[in-house]
Amino acid sequence: MGLCRQVSQVTVAALALFGQAPAASAQTPQSQCSLLSGKPCHPSFCGVFHRGPCLPYYLPPLGEDLRLTIVSDDDSAPAGANDIEQPLDSIGAMFAALRACWVPPPQDEARHGMQYTVRFAFKRDGDLMAPPRLTYASHDAPADVRAIYRDAIDAALKRCTPLHFTDGMGGAVAGRPIAVRFVDNRTVARGKSLQ
């Protein structure tokens, strides 16, 4: 009798330890679960041959910022002012409007391979929240060349803004960071290449 009582006490303790007891079976979505927890672990990754608890598998979060690359090459015609009459209702339409505003610096002031990235955000009404912030410029470019590209980017954004968003698009894009990378791949004079 004593041995049966000890075995039943060990069994009850083991069940409580592995999540079969009511107090141990309550889990939050952030807590770990195991094969013996009594509750399903969805979504998760584990298996019979996996040692340790089943960890919930959550998809990595999508980036909260929007990224656009505008490449200037010999085949691309320079754009002009933003003359789109209808309100922009999608991210693609916003990117097309930003591409249409870009006019690269004149070729005699340009540098082949120059890259310049700025980050900014729009208000709900399509105006810029603050001046664009430089996040990257080609490290080999001298300060005067960086200033030329910065002036061209400022002029392009001044031509474009305020963008005319629909109400839904204005609410969706307001305050979200937008990173725009400008790449100049036009052929220029021989001594002005970064490569």
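In the same structural domain as residue 88 (by TED's automatic domain parsing) and under 19 Å from the mean Cα position of the chain (by Cα): does that describe residue 176? Here the answer is yes, as residue 176 does meet what is asked. For residue 92, the requirement of being under 19 Å from residue 166 (Cα atoms) and within 18 Å of the chain's Cα centre (by Cα) is met. Could you check, for the range 105-117, whether at least one of its residues is among the charged types (D, E, K, R) and at pLDDT 90 or above? No, the range 105-117 contains no residue that is among the charged types (D, E, K, R) and at pLDDT 90 or above. Checked against (1) at pLDDT below 90; (2) surrounded by 17 or more Cβ atoms within 10 Å (Cβ to Cβ); (3) in contact with a Lys or Arg (Cβ under 8 Å, 6 or more places away or on another chain), residue 161 passes all but condition (3). For residue 154, the conditions (1) of a type outside the set (Ser, Thr, Tyr); (2) loosely packed, with under 15 Cβ neighbours inside 10 Å; (3) touching a Pro at 6+ places or on another chain (Cβ under 8 Å); (4) under 18 Å from residue 69 (Cβ atoms) are fulfilled apart from (4). Figure legend. Inter-residue proximity from the range 152-178: first residues under 17 Å from residue 118 (Cα atoms), second residues modelled with pLDDT under 90 and of a type in the set (Lys, Arg), beta-carbon distance below 9 Å, spacing 6+ or different chains. Indicated pairs: 178/67.
The values are calculated or read from the model by the stated rules, or taken from the named source; none is laboratory data. In this text, all values refer to a predicted model and were calculated from it rather than measured experimentally. Methodologically, a virtual Cβ is constructed for each residue, glycine included, from the backbone with ideal geometry; neighbour enumeration extends over all protein chains shown.
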